Amino acid sequence: MKPERILLPVDVARCPLEVFDLVNGFAKRPEVAVILLHVVNLDIVAPENRVYEERGQEARWYLGRLAERHIHPGASTIAHVRIGRPAEEILAEAKAERVDLIILPTYGPSFWNRLKGLWRNVCIPPVSTLAEKLIREATCGVFVVLAKTRLNCERAWGRPVNNRKAQSRVPSRPISPAFESPGLSPLRPRLS
């Protein structure tokens, strides 16, 4: 079976770059479509829907940059952003897009979790609970890739700038020297 629609869930805060080599192995054929998915998951209830919209726009921009730089140019790429719990949203995207394969990057247990497992004499699972849930409930194939590197897109490329946002951040009056030094804010003026 040669998959024609591949779903790659990516967290833009810690994107594993080695997974793109595997995706490009499948994406060399022109009929393959790669769907990049980021799930915006805030552990709080946002007071406004605007927070989710801004996070979604930023994630779309990062997914576009990842596609430009790391996915084979012959492959068609689609960038989607969903809001909700990652496992449920990944499964919903796979069903909605009728994907043939989910390539799921996952990180193994941390050193401290392995050490706790030894201390408590408990077996630590090699994959995360998210990966376990996707493997059990997915209607298509799931290829789990153990990731070792982490690229924080925001740190690497900065935040996307909209003209409207950039204009709103320009101060209307000059900032007084008391607030220019790092660590000081208008709420904590410098004491002289």
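Residues in the stretch 3-30 that are over 15 Å from Ile78 (Cα atoms), within 16 Å of the chain's Cα centre (by Cα) and without any contact (Cβ under 8 Å) to a residue 60 or more places away in the chain: Asp11 alone.
On inspection, Ala87 passes the criterion of being at pLDDT 90 or above, surrounded by 13 or more Cβ atoms within 10 Å (Cβ to Cβ), out of contact with any strand residue (DSSP E or B) (no Cβ under 7 Å at 6 or more places or on another chain) and among the small types (Gly, Ala, Ser). Of note, Gly74 satisfies the criterion of being under 21 Å from Gly25 (Cα atoms) and part of a loop (DSSP other than H, G, I, E, B).
Can you spot a residue in the stretch 130-141 that is closer than 27 Å to Glu31 by Cα, of a type in the set (D, E, K, R), buried (at least 17 other Cβ atoms within 10 Å of the Cβ) and modelled with pLDDT of 90 or more? Checked the stretch 130-141: no residue is closer than 27 Å to Glu31 by Cα, of a type in the set (D, E, K, R), buried (at least 17 other Cβ atoms within 10 Å of the Cβ) and modelled with pLDDT of 90 or more.
Can you tell me how many residues within the stretch 12-30 are in a loop (DSSP other than H, G, I, E, B) and buried (at least 20 other Cβ atoms within 10 Å of the Cβ)?
First, the residues of the stretch 12-30 that are in a loop (DSSP other than H, G, I, E, B): 12-14, 16-18, 28-30.
Remaining after also requiring buried (at least 20 other Cβ atoms within 10 Å of the Cβ): 12.
Of the residues in that region, 1 qualify.
The values are calculated or read from the model by the stated rules, or taken from the named source; none is laboratory data. All figures in this text were calculated on a predicted structure; none of them were measured in a lab. With ideal geometry, Cβ positions are generated from the backbone for all residues, glycine too; neighbour counts draw on all protein chains shown.
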